[in-house]
Amino acid sequence: MDSNRIIIGTRGSILALAQAQEIKKMLVEKYEEIRKKRDFQGIKGFSRDIPLEVEIKVIVTTGDKDMRDFKKIGGITRKDIFVKEIEKEMLEGKTDIAVHSLKDMPQITPKGLLNACFPIREDSRDILVSRAGKKLLELPVNSVIGTGSIRRESELLNLRKDIVVKSIRGNIHTRLAKLDAGEYDAIILAAAGLKRTGLEARITEYFEIEKIMPSPGQGILCVQCRKNDIRIRSLLEMIDNEEVRVMCEVEREFSRSFDGGCHTPVGCNAVIKGDMISIKGMYNVEGKRIFLNIEGDKRNFQNLIAILIRKMKKEIGGNIE
């Protein structure tokens, strides 16, 4: 590949492309800013003489091809179905980096790859979009709400036991089309997705963290590359965000401790303000919702999340190892 040319691998949905474009813009702008400095020391493997060129390559994943209910897809986890093919292309050297929604990524990173950069976090909350413009508590009894998430289903039923939760698949636009066609009275989505695709005006209601706990990593973008590609790793260091990285580590550790896959009703959210970090966690076991939070110095985040996990496991008792 040319010295100043890199290729981003991504899914082809409107949201995935918007996220890839966001990372492309950040890389190009930051590279130009550094390239124009008089004391430019260079990024190994890149030339100061020419701008950075970024190509976006669309890769079709299993999750894009197989639109069955997640529960009916066997042999591969829900999170793997959105990243496996993209990671394969990177390992084969066909792309340099991949842009993922962190919440869609498996806990275990394939050998040879690295989750190298966490540059940005959008609004982490879940939201409701309803056909009649009614909020959750205003919807009539037996209203049909669409979601493909066990976590969201358990959180919704915790707030309203008189609604009907119905499975839904597809990208944001597909789900909104199903809503508009009358298949659902409302659907629940991530605020980040609608904001990144310019659909914020469709949002009927934002759910505060205490009411509906987001998925660990929701709203965070993760940029992945080959572990041994020092050239690309040096480039990605330009846009890495230390605070987002801390939030990622905290929320992923909570998820890992409770086997937080897509079939586990678990949620976690970390917020950093100044020198302080606030961490909230949720686990739903046998219909009982357990919600805990802890605050402290962000430099002590590893101890804080360990304490929260211990407290959560004590509350859960014999229902989890």
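Once the 1.4 Å probe is applied to the protein heavy atoms, segment 126-182 comes out at 44 Å² accessible per residue.
Largest GNM mean-square fluctuation across Ile272, Ile232, Ile108, computed for the chain with C-alpha springs under 10 Å, falls on Ile108. Quick one, which of (i) 0.98; (ii) 1.14; (iii) 1.12 is the actual Rg/Rh (Cα atoms, Kirkwood Rh) calculated for this model? Given (i) 0.98; (ii) 1.14; (iii) 1.12, the structure-derived one carries the label (i). Computed from Cα atoms, the angle from the helix 150-159 axis to the main principal axis of the chain rounds to 40 degrees.
Rounded to the nearest 20 debye, the dipole magnitude of the chain is 320 debye, with +1 charges on Lys and Arg beta carbons, -1 on Asp and Glu beta carbons, and the Cα centre as origin. For the peptides 153-163, 44-54, residues were scored by their other Cβ atoms within 10 Å and the scores averaged per peptide; the highest-first order is 153-163, 44-54. When segment 184-321 is described by a simple charge dipole with +1 on each Lys and Arg Cβ and -1 on each Asp and Glu Cβ, the residue from Ala186, Phe258, Thr197 located farthest towards its positive end is Phe258.
Estimated purely from DSSP H runs of n ≥ 4, each contributing -39500 (n - 2.57), the mean residue ellipticity at 222 nm for the chain is -9000 deg cm²/dmol once divided by its residues.
Given a 1.4 angstrom probe, I'd like the percentage of the accessible area of the chain that is carbon and sulfur, rounded to a whole number.
48 percent
For segment 186-321, the calculated P(r) over all alpha carbon pairs, in 10 Å bins from 0 to the bin holding the longest distance, is 10, 35, 33, 18, 3 percent. Relative to the dominant Cα principal axis of the chain, helix 242-257 is inclined by about 50°. According to the calculation over all Cα-Cα pairs in segment 159-253, the P(r) per 5 Å bin from zero is 2, 9, 16, 17, 17, 13, 10, 7, 5, 2, 1, 0 %. A 1.4 Å probe run over the protein chains yields, for segment 219-321, 49 Å² of accessible area per residue, whole-number rounding.
Based on C-alpha pairs under 8 angstrom that are at least 6 apart in sequence, segment 133-178 has a relative contact order of 40 percent. Taking amide H as placed 1.01 Å from N in the peptide plane, Ile163 has its amide H under 5 Å from the amide H of Asn142, each at least 5 places away in sequence or on another chain. Of the residues Tyr206, Cys225, Gly317, the one whose Cα sits farthest toward the positive end of the charge dipole of segment 167-321, with +1 on the Cβ of Lys and Arg and -1 on the Cβ of Asp and Glu, is Cys225. Expressed per residue, the C-alpha convex hull volume of segment 128-214 stands at 85 Å³. Using a cutoff of 8 angstrom between alpha carbon atoms and counting only pairs six or more residues apart, the relative contact order for the chain works out to 20 percent. Beyond 26 Å in Cα-Cα separation lie the following of the pairs Lys135/Lys288; Lys161/Lys311; Lys166/Lys288; Lys30/Lys111: Lys161/Lys311; Lys30/Lys111.
In a reduced charge model with +1 at each Lys and Arg Cβ and -1 at each Asp and Glu Cβ, segment 179-285 shows a dipole moment near 420 debye about its Cα centre.
How far, in degrees from 0 to 90, does helix 14-35 lean away from the longest principal axis of the Cα atoms of the chain, to the nearest 10? Value to nearest ten degrees: 40. Normalising the average separation of contacting C-alpha pairs (under 8 angstrom, six or more residues apart) by the number of residues puts the relative contact order of segment 167-321 at 15 percent. Applied to segment 275-284, the Karplus parametrisation 6.51 cos²θ - 1.76 cosθ + 1.60 on θ = phi - 60° returns per-residue 3J(HN,Hα) values of 8, 9, 10, 10, 10, 10, x, 9, 9, 10 Hz, with x for Gly and Pro.
The values are calculated or read from the model by the stated rules, or taken from the named source; none is laboratory data. Predicted, not measured: the structure shown is a model, and the values here were computed from it. Using ideal geometry, Cβ is built from the backbone for each residue, glycine included, and neighbour counts are taken over all protein chains shown. With ligands, DNA and RNA removed, areas are computed over all heavy atoms of the protein, side chains included. Shrake-Rupley method; radii C 1.70, N 1.55, O 1.52, S 1.80 Å.
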